[in-house]
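Only one structure is covered here, and it is reproduced in the block below.
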Amino acid sequence: MGEVKATTQTTLEVGEGAGGFATTQVTALTHWAQKYSLFMYPFVTACCGMEFMSVTSPRYDLSRFGAEAPRFSPRQSDLLWVVGTISQRQAPVLKRIYEQMAPPKWVIAFGTCASCGGFYDNYTTVAGIDKIVPCDVYIPGCPPRPEAVLDGLLLLMDKIQSGSKDPAIVKPRTDPVTSQSHGLIKLRRGRDSMV
Ligand code: SF4
């Protein structure tokens with residue numbers, strides 16, 4: 001592919017001469033690039049961390065979503081994974097890390113403790129990270145299965161593409177009443193377009 005040149009706010013000229021055009025919106029192209037180049041900052045505090053390590057192993061292959069690279073500086077990260085229980089003493093640290101990340105930035109609550117405090121209904125535990133930082137995706141589970149985590153990541157990618165600010169919650173893959181499956185995870189290579 002040759003030179004890529006933005007000719008207006010809504011079209012791109014691709015390649016050389018006639019016949020090399022791709023029509024899209026610049027924002028759609030930007031969102032498409034952002035959702036496939038997430039640099040994660042893992043803020044891991046408790047037992048959910050074991051499942052997080054599993055998710056980041058080759059078996060589940062986060063690299064196919066462009067989200068496998070960890071950065072241990074918040075200034076180089078745009079995806080904050082909050083993994084595990086957050087105590088009141090940790091809360092200011094979490095807030096500071098979030099504030100050090102440059103926008104655009106996104107937050108995923110990994111597990112029930114991060115989502116709502118879990119069964120730690122006491123004065124030492126924060127009842128959900130959204131009391132401290134804005135949260136984009138909640139992944140329930142104690143701990144969540146890797147497949148649920150991947151569903152959460154795909155939910156976030158869809159939010160980035162659409163530009164939605166609404167928080168999203170990962171649903172069970174199988175409806176407990178109807179036993180019907182409605183999991184999100186699919187190998188979606190090649191499904192996305194830039195339009
Ligand atoms: S949700 Fe369960 S596994 Fe995860 S940190 Fe809380 S108690 Fe541990």
Among rounded, prolate and oblate, which fits region 28-124 when a ≥ b ≥ c are the square roots of the eigenvalues of its C-alpha gyration tensor, a/c under 1.5 means rounded, and a/b larger than b/c means prolate? oblate
Starting from the amide H of Ala168, placed 1.01 Å from N in the peptide plane, find each other amide H under 5 Å away whose residue is 5 or more places distant or on another chain. Val137, Tyr138
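Students often check this: by mean Cβ neighbours within 10 Å, which of 47-55, 99-107, 76-84 ranks highest, and how do the rest follow? The partial results should precede the final answer.
Values: 47-55: 18.4, 99-107: 15.4, 76-84: 23.9.
For the peptides 47-55, 99-107, 76-84, the packing ranking is 76-84, 47-55, 99-107.
I'd like the antiparallel share, as a percent to the nearest 5, of DSSP beta bridges with both residues in region 39-169.
5 percent
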Short version: ³J(HN,Hα) in whole Hz for each residue of region 153-167, in order, from phi by Karplus 6.51 cos²θ - 1.76 cosθ + 1.60 (θ = phi - 60°), x for Gly and Pro, what are they? 5, 5, 4, 5, 4, 5, 5, 4, 4, 7, x, 5, 9, 6, x
Within region 84-116, what residues put their amide N at less than 15 Å from the label point 7 Å along the Cα-to-Cβ vector of Arg75? 97-103
Computed label-point distance, nm, for sites Ala33 and Lys131 using a 7 Å Cα→Cβ extension: 4.0 nm
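Compare the peptides 114-121, 89-96 by average per-residue count of other Cβ atoms within 10 angstrom and give them in order, highest first. All intermediate terms of the calculation are to be shown ahead of the outcome.
On the way: 114-121: 18.6, 89-96: 13.9.
With the highest mean Cβ count within 10 Å placed first, the list reads 114-121, 89-96.
Taken together, the values in this text are just the output of simple stated rules run on the coordinates, not laboratory data. All values reported here derive from a predicted model rather than from experimental measurement. Cβ sites come from the backbone with ideal geometry, for glycine too, and all protein chains shown count toward neighbours.
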